[in-house]
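Asks: Got a structure for you, questions after.
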C-alpha cells in the first residue's frame with residue numbers, strides 16, 4: 001500500500017484536455033501535491049516566497065511555453081487569478097495550461113469565481129478512499145482515516161499526527177482565513193463538534209456549551225466546511241409527502257481518523273467498545289460513497305431525511321432523476337424489522353434504489369432492498385452511474 005494510485009488522476013487528465021485550467025481542492029495534507037507531481041508539469045509552491053518570486057520574475061517566459069504549470073496553495077496569492085484570466089483569454093483555445101491546488105473551497109476565494117468563471121474545472125480530492133487502498137484494508141481505513149500520513153500507511157504515526165494536524169489547523173489555518181478564534185478556543189470547538197458527529201445539527205446547543213451565539217457557531221462551522229473538515233447534509237423535502245419533515249441538517253466530521261483522535265481512541269478495540277461506534281461507521285461510509293462518486297466524476301447531491309414521527313434515512317443520493325436511499329448500520333446482521341421500516345421510509349421519498357450498508361459477509365440483492373457490505377456498496381452504487 002506504499003504506492004497508492006489515486007483514482008482522481010485520470011479525471012484530472014481528462015479535464016485538462018478540455019479546460020485551460022483545473023482547480024484541485026481538498027483538505028490540507030490530503031495528497032493533492034503528491035498527486036499533482038505525478039503529472040507532467042512544472043511545480044510551484046506559492047506558499048514559498050522563493051517559488052513565488054521565481055514565477056513572478058519569469059512569468060512571461062513561462063506563459064510563452066505550452067508546459068503545464070502546477071500552482072500549489074493558490075489561495076495564498078489571490079492576485080494571481082487576474083493574471084491567469086488574462087493569460088487564458090490570450091490563448092482561449094489552448095487547454096491544459098494550469099493546475100491550481102487549494103486547501104480551501106473556492107467559495108472562500110472570490111477571485112476564483114470572478115476571474116476564472118468558465119475557464120476552470122473544479123475537482124475535489126478526498127483523502128484515501130477504499131477504492132484506492134483495497135477491500136481488505138477497509139477497517140484500517142475506518143479507524144485511522146484517509147490522510148496519507150495519518151496512520152493508515154504507518155500505524156505508529158496515528159494519534160500523534162492527528163493531534164499535530166488539528167493543532168496546526170487551529171493555530172495557523174483558521175487565523176489565516178480570518179476565523180477570529182484563538183487556538184485554544186478552536187481546539188475546544190473541535191472537541192464539542194466531535195460530540196455532535198452523526199446528529200441533527202443544533203447550532204444553539206453547540207454555542208451554549210461554548211458560551212457563544214448560534215450565529216457565531218454557524219460562522220465557525222461554515223469555515224470548517226470550506227476547509228473540507230466537516231460537512232452538514234441538508235434535509236430532503238419531498239413535495240408530495242404529507243408528513244412533517246425535519247428541516248435540520250445532519251452534521252459529520254469528514255475524516256474518521258480525526259474524529260477518533262478527538263474521541264481519544266488509541267486502538268480499534270477502543271472504537272469497538274464505544275457507544276459512538278455506530279455513528280462513526282455511518283460517517284465513514286458516507287465519506288466513502290461520496291468520495292468514490294467524486295473520483296468517478298459523477299454529479300450528485302446528498303440529503304438527510306427525518307419525519308416528525310421518526311421515519312429516517314441516513315443518506316439520500318440524487319443522481320440526475322434517480323434517487324438512492326441508504327441505511328447505514330455497523331451490525332453484521334440487520335434485523336427484519338429494521339429492514340422493513342427502512343423499505344417503508346424509502347417508499348415515502350419514492351426512492352429508486354434501496355440499499356442497506358452494513359458489515360455483512362453474505363450480500364443480498366432483491367427488488368425490495370439490497371443488503372451490502374462497504375466494498376460491495378461502493379461497487380454497486382458506482383455501477384448505477
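FYI, it's all coordinate maths here, none of it is from the lab. Note that this is a predicted model, so its numbers are computed, not measured. In this analysis, Cβ positions are derived from the backbone assuming ideal geometry, glycine residues included, and neighbour counts consider all displayed protein chains.
Asks: Most mobile of 117, 74, 64 per a Gaussian network model of the chain (Cα springs, under 10 Å)?
Replies: Between 117, 74, 64, it is 64 that shows the largest mean-square fluctuation.
Asks: Starting from the 7 Å offset along Cα-to-Cβ, what nm value, one decimal, do you get for the label separation of residue 171 and residue 156?
Replies: 2.4 nm
Asks: Moving on. Subtracting the Cα-Cα distance from 0.36 nm times the residue separation, let me have the gained length for residue 267 to residue 47 in nm, one decimal.
Replies: 75.6 nm
Asks: Roughly how many whole Å is it from the C-alpha centroid of segment 77-147 to that of segment 236-279?
Replies: Spelled out, the Cα-based centre of one part sits 27 Å from the other.
Asks: Further, regarding this structure: Computed from the mean reciprocal separation of all distinct C-alpha pairs, what Kirkwood hydrodynamic radius does segment 24-65 have, in Å?
Replies: When all Cα pairs of segment 24-65 are included, the Kirkwood radius is 11.8 Å.
Asks: Between 0 and 90 degrees, rounded to the nearest ten: what's the tilt of helix 8-18 against the longest Cα principal axis of the chain?
Replies: Value to nearest ten degrees: 50.
Asks: Rounded to the nearest 0.05, what FRET efficiency do residue 164 and residue 308 give with R0 = 45 Å and r taken as the Cβ-Cβ distance? Could you check?
Replies: Here the calculated transfer efficiency is 0.55.
Asks: For the chain, set up a GNM with springs between Cα atoms under 10 Å and report which of 164, 314, 149 has the largest fluctuation.
Replies: 164
Asks: Against the longest alpha carbon principal axis of the chain, how many degrees, from 0 to 90 and to the nearest 10, is the axis of helix 277-295 turned?
Replies: Taking the Cα atoms of the chain, the angle to 277-295 is about 50 degrees.
Asks: Using alpha carbons only, what's the Rg to Rh ratio of segment 58-130 with Rh from Kirkwood?
Replies: Checking Rg against Rh, the ratio lands at 0.97.
Asks: With each pseudo-label sitting 7 Å past Cα toward Cβ, what's the residue 82-residue 62 distance in nm, one decimal?
Replies: A separation of 1.9 nm, rounded to one decimal place.
Asks: Let me ask something additional. Helix 336-348 versus the longest principal axis of the chain: what angle, 0 to 90°, nearest 10, using Cα atoms?
Replies: That helix lies at roughly 60 degrees to the long axis.
Asks: With n ≥ 4 as the cut-off for DSSP H runs, can you work out [θ] at 222 nm for the chain, using -39500 (n - 2.57) per run divided by the number of residues, rounded to the nearest 500?
Replies: After summing the helix terms and dividing by the residues of the chain, the value is -11500 deg cm²/dmol.
Asks: Could you tell me what a quarter of the Cα convex hull surface of segment 8-124 works out to, in nm² with one decimal place?
Replies: For segment 8-124, averaging the hull's shadow over all directions gives 6.4 nm².
Asks: Could you give the nm distance between label points at residue 275 and residue 184, where each point is 7 Å from its Cα heading toward the beta carbon?
Replies: 3.0 nm
Asks: Follow-up. How are the C-alpha pair distances of the chain spread across 10 Å bins, as whole percents from the shortest bin up?
Replies: 5, 22, 30, 26, 13, 3, 0
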